[in-house]
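The values are calculated or read from the model by the stated rules, or taken from the named source; none is laboratory data. This structure is a prediction, so every number in the text was calculated from the model and none was measured. Cβ sites come from the backbone with ideal geometry, for glycine too, and all protein chains shown count toward neighbours.
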């Protein structure tokens, strides 16, 4: 009885296996959580200010620099927004290849997160090097899939880190048919590996958790939304990108350099599990069949299912890339001509970590007057804190400090937070008194 | 002939260009890319470093490092010392040493891996590299070119 009511203070000074720098402070007094703060202290990066005065032709390359893991998301979202404002209709080729390009990023980012960042938690390993001792074949498979994703990004972006292929109106260049044929063979060869990955992920014992939360993800009438669509919410609402501000709000909190987002005053989830919850009916049939085999009930209210959602999305991305590349032809021109115009441009896509929303105010010469970028991690921050509170209570506060710390880290890593993108992870501090 | 992979790792920021500049200096000394030799510059390769070098027989990696030494100090890291240096500089929590140690655990490393670090000072964007770094680059390039020439002979 006394043990259950003890007071604890835990401080995780630097959170491992996340992108960027942050910390977690937890104070438990007489068996209650009295303080729980996800502190993001990576300095603000002022990217939105850097963009002011820049010409629209520079935007895709500039925003690619926001993230080394998901540059395609930033490029494609910016391009989508500006093309809408400028009245540019992408060619069917460019529209399809944007999706293929984006699939490459999902494949590499998800495989990196599953194998190197998240999976060690569920095998009692402190890192991927330890995991490689007990599951070497699985880690090798993960590296192969990740490398294939990088290769697909490189195909359309000329390089996988900060690619330079996207331009407003399409792409700067088109890969040759010979290079596409080689890529198609590699994608086809990876399908069985991705199917095995889904089965492997489904067999990993996960903590039981059941939480009510709002899921938010881009939705498209026919496709599993990646590079285009409006914003879908699990309460049934559908929001066009230009109405984002009417439903979502960002605010500063004293303990974080990233903004906290709310949907009608409540935290919400973006990312692979939110997408799978909202969009699983739009998965291609072979992926749907494998998902049914794995008996994952959707919508899921257990955030630990995020790892399985990422595995499902890798297979989806492979199928989608193959489907679109099977019809590949070298276009007469990989881009459409663009004439800038003044106005407000908004766009949204699904970065690997979740919904990414951009807003640009442009002048008549095509220069940025102001920019706003709402990345997935800042949207998830409120949900992470809420999840930590609920899952810690579910887990039990009477565990030793190390067990509490590890549980918190596992919870946070489910979200694959990218603090570098959001600062605009984890030092852990627990106080028991 | 042995497959050789020479990789300079860095970024365009100040002294962090050190690894890239060694690659440039080797090219200027006539070390040719192509055939069985791959010479390249990498920016935050993460775990993909493993797939880039696993087919090689010999990998030479040059990266910037920040320790307690003077900028321009060159250090070669023996494999047995790698674990002591993990957790250092990396942009996404998975640096060069993490990748090399994972590669070693998976049996995916070339039989020979030479890892060099050049102690750096300022790595701010838009800054030129310091004179100590420039001298170290030339010194290491001379040493590597001589070793490669000796190896070819």
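Structure summary
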quantity	calculated
Any hit, the stretch B:88-106, residues being more than 14 Å from chain A (Cβ to nearest Cβ), more than 25 Å from residue B:4 (Cβ to Cβ) and surrounded by fewer than 20 Cβ atoms within 10 Å (Cβ to Cβ)	no
Check on residue B:78, more than 10 Å from chain A (Cβ to nearest Cβ), more than 25 Å from residue B:13 (Cβ to Cβ) and modelled with pLDDT under 90	yes
Cβ-Cβ under 6 Å pairs, at least 6 apart or on other chains, the stretch A:111-123 side away from chain B (no Cβ under 13 Å), far side surrounded by fewer than 24 Cβ atoms within 10 Å (Cβ to Cβ)	A:121/A:410; A:122/A:204
Boolean, residue A:135 is touching a strand residue (DSSP E or B) at 6+ places or on another chain (Cβ under 9 Å), modelled with pLDDT of 95 or more and either more than 9 Å from every other protein chain (Cβ to nearest Cβ) or surrounded by 19 or more Cβ atoms within 10 Å (Cβ to Cβ) (or both)	no
Residue match in the stretch A:79-86 (condition: more than 30 Å from residue A:407 (Cβ to Cβ), in a helix (DSSP H, G or I) and in contact with a helix residue (DSSP H, G or I) (Cβ under 7 Å, 6 or more places away or on another chain))	yes
The stretch A:140-191, residues that are part of a helix (DSSP H, G or I), at pLDDT below 95 and either closer than 18 Å to residue A:78 by Cα or away from every other protein chain (no Cβ under 14 Å) (or both)	A:157
Single condition residue A:130 does not satisfy, out of (1) away from every other protein chain (no Cβ under 11 Å); (2) surrounded by fewer than 24 Cβ atoms within 10 Å (Cβ to Cβ); (3) part of a helix (DSSP H, G or I)	(1)
Subset of the stretch A:197-223 that is out of contact with any helix residue (DSSP H, G or I) (no Cβ under 7 Å at 6 or more places or on another chain) and assigned to a helix (DSSP H, G or I) - its residue that is nearest to residue A:320 (Cα to Cα)	A:199
Flag for residue A:108 being touching a strand residue (DSSP E or B) at 6+ places or on another chain (Cβ under 8 Å) and either surrounded by 24 or more Cβ atoms within 10 Å (Cβ to Cβ) or more than 14 Å from every other protein chain (Cβ to nearest Cβ) (or both)	no
Residue satisfying all of: in the stretch A:391-433; modelled with pLDDT of 85 or more and part of a loop (DSSP other than H, G, I, E, B); nearest to residue A:109 (Cα to Cα) among these	A:416
Unique match (being within 21 Å of residue A:69 (Cα to Cα), at pLDDT 90 or above and out of contact with any helix residue (DSSP H, G or I) (no Cβ under 8 Å at 6 or more places or on another chain)) among B:100, B:27, B:52	B:52
When residues of the stretch A:87-105 are limited to those that are in contact with a strand residue (DSSP E or B) (Cβ under 7 Å, 6 or more places away or on another chain) and not in a helix (DSSP H, G or I), the one nearest to residue A:364 (Cα to Cα)	A:90
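Table: residues versus (1) away from chain A (no Cβ under 11 Å); (2) surrounded by 18 or more Cβ atoms within 10 Å (Cβ to Cβ); (3) closer than 25 Å to residue B:151 by Cβ.
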| site | (1), (2), (3) |
| --- | --- |
| B:20 | yes, yes, yes |
| B:31 | yes, yes, yes |
| B:44 | no, yes, no |
| B:110 | yes, yes, yes |
| B:114 | yes, no, yes |
